[in-house]
Amino acid sequence: ARIFAADAAQVSPAAAEALYGVKLESIPGLNATARALGFKCSAADDTTPDQSALVSLLGALPVGQSYNLAYSPLTPGKGSDNPDWYDLDLVGAAFLDNAQSIDAFVTDGQRDLVVPEPALAPALRSISGTVTVSETADALTLGYPNNPRSVAIRHYPNAGHMISMIEPHELSSDVRAWLGARN
């Protein structure tokens with residue numbers, strides 16, 4: 001049942017408030033004005049959940065952006081001509097490119113078998129070119145030539161990949177603290 005609650009929270013303001021304990025409209029950086037400055041995903045299509053409640057609450061996004069996409073923009077037909085996850089470094093390169101200008105934090109679910117955080121720094125180092133990559137227990141440091149960036153790492157010892165489902169209160173607390181530190 002919690003996985004369905006997490007899915008519903010992505011597109012339902014009431015479900016998000018029930019799960020995370022905070023109103024979506026009170027989260028800095030989530031409204032349409034702030035979101036319009038972020039990463040541009042492929043446009044929503046008939047596989048994208050209805051977002052009318054989010055649009056009513058937070059505002060309409062520019063053409064080509066969506067509050068929720070139920071797929072990766074690197075999925076075939078969704079923005080990439082050749083998403084060969086085994087041979088191409090699309091995700092790592094996109095992460096390094098976006099992290100230059102978009103604040104982020106990384107979640108580390110101790111039981112995550114999908115995206116194990118301990119592999120992140122070595123994987124990024126293998127494709128980073130002139131960007132240096134170092135890591136401490138609490139941060140990933142990306143040494144861009146003109147603008148070094150620090151990406152916070154938050155740890156969730158009881159969670160796997162679905163941190164919002166297993167440790168929603170801890171994640172909510174971390175997100176609020178991270179957003180507060182950005183202001």
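Laboratory data are not the source of any read-out in this text; all were calculated from the coordinates shown. Owing to the predicted nature of the structure, the values given are computational and were not obtained by experimental measurement. When we count neighbours, we look across all protein chains shown, and the Cβ atoms used for this are built from the backbone with ideal geometry, even at glycine.
A few points about this structure:
- Annotation: the residues Leu120, Leu30, sorted from fewest to most other C-beta atoms within 10 Å of their own C-beta, follow the order Leu30, Leu120.
- Once backbone amide H atoms are built at 1.01 Å from N, Glu135 has Thr141 as its partners under 5 Å, excluding neighbours fewer than 5 places away on the same chain.
- Ranked by the mean number of other Cβ atoms within 10 Å per residue, highest first, peptides 49-55, 133-139 order as 49-55, 133-139.
- Sequence of Ser150, Ser164, Ser126 once ranked by neighbouring C-beta atoms within 10 Å, starting from the fewest: Ser126, Ser150, Ser164
- Taken one residue at a time, the phi angles of region 120-135 give Karplus couplings (6.51, -1.76, 1.60, θ = phi - 60°) of 5, 4, x, 5, 5, 4, 5, 10, 6, x, 7, 8, 7, 10, 9, 9 Hz. Gly and Pro are set to x.
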